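Reviewing the structure listed below.
The values are calculated or read from the model by the stated rules, or taken from the named source; none is laboratory data. Given the structure is predicted, the values throughout are model-derived calculations rather than measurements. Here the Cβ is made from the backbone with ideal geometry for all residues, glycine too, and neighbour counts use every protein chain on show.
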């Protein structure tokens with residue numbers, strides 16, 4: 001029988017133990033690598049319609065509003081109309097007694113030059129008034145306008161006909177639609193803003209002159225664009241916008257046929273990493289971003305949790321989270337406009 005020298009046997013044993021040791025260390029390294037992966041919420045951008053709004057505060061005023069004064073000095077002998085009362089054009093608001101010793105004057109009438117509602121009275125019965133002193137204010141509250149101070153940096157994007165959506169604290173949940181009908185052609189040098197006005201149909205009486213409101217001016221709109229949450233975007237040192245794209249560490253795994261019954265197990269074995277990708281932004285819209293390039297349909301990106309990532313970071317991707325689609329999903333533009341019209345009509 002052929003005998004193997006003891007030196008060779010010892011060498012073989014050493015090699016076997018070395019292979020086992022290396023394999024064990026590799027498995028431990030792989031396990032450590034997997035456990036160091038960062039859990040992030042991932043998903044593919046959603047195609048939808050998106051609108052960009054300029055959010056501002058504004059004041060509501062009547063398009064027809066006038067302060068009514070006495071033409072003569074004297075004392076208020078009678079107040080014919082008080083706040084909230086409807087008046088016709090030419091109707092008497094108050095009477096002024098212009099009593100002078102040795103003379104007998106009839107009461108001077110103070111009339112309104114417009115029809116509307118008495119919104120304010122500035123005097124009381126028996127009070128002394130001078131010529132030209134305002135006694136009351138009358139306004140047409142059926143036709144109002146919203147007066148918006150637009151920041152100077154946004155002036156070039158404002159045009160007549162743009163849609164405005166108005167909401168007030170006194171009518172929560174209700175949004176009134178208007179359009180820009182007037183704009184100044186000079187900027188206020190003190191506030192560096194431009195005055196913009198939009199007419200409001202207030203036939204239902206939901207608004208009152210003097211109210212402050214929140215307004216949203218429609219600045220941009222796009223259909224069928226890729227939309228992602230702004231939490232997924234970060235700025236590089238070059239000032240450009242980037243996202244983290246989810247990639248497999250071994251791209252060849254994607255070409256291997258996988259038994260669907262074992263797909264979950266196979267997915268757990270895959271290694272995913274973060275890859276920095278530059279994107280082109282079309283416009284922002286509140287907490288969402290419309291993008292025009294850099295990402296293709298179906299590509300997964302890190303939606304939430306990017307703060308602790310860098311190029312090549314190991315990922316533990318969390319998918320199929322219902323809150324993700326709800327976060328970046330918005331109603332179709334036509335549905336939103338129809339809802340707004342119904343609210344106005346009601």
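Computed values, structure above
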quantity: Residue 186 vs. criteria within 13 Å of residue 58 (Cα to Cα), in the same structural domain as residue 212 (by TED's automatic domain parsing) and either part of a loop (DSSP other than H, G, I, E, B) or at pLDDT below 95 (or both); calculated: no
quantity: Unmet requirement for residue 34, which otherwise passes all of (1) at pLDDT 90 or above; (2) surrounded by 13 or more Cβ atoms within 10 Å (Cβ to Cβ); calculated: (1)
quantity: Any hit, segment 190-204, residues being in contact with a helix residue (DSSP H, G or I) (Cβ under 6 Å, 6 or more places away or on another chain) and either outside the structural domain of residue 111 (by TED's automatic domain parsing) or closer than 30 Å to residue 92 by Cα (or both); calculated: yes
quantity: Among the residues listed as 60, 93, 79, the single one being under 48 Å from the mean Cα position of the chain (by Cα), in contact (Cβ under 8 Å) with a residue 60 or more places away in the chain and surrounded by 15 or more Cβ atoms within 10 Å (Cβ to Cβ); calculated: 60
quantity: Residue 238 vs. criteria touching a residue at least 24 places away in the same chain (Cβ under 8 Å), assigned by TED's automatic domain parsing to the domain that holds residue 317 and out of contact with any helix residue (DSSP H, G or I) (no Cβ under 8 Å at 6 or more places or on another chain); calculated: no
quantity: Exclusive hit being surrounded by fewer than 20 Cβ atoms within 10 Å (Cβ to Cβ), part of a loop (DSSP other than H, G, I, E, B), touching a helix residue (DSSP H, G or I) at 6+ places or on another chain (Cβ under 9 Å) and free of Cβ contacts under 8 Å to residues at least 40 places away in the same chain, set 173, 161; calculated: 173
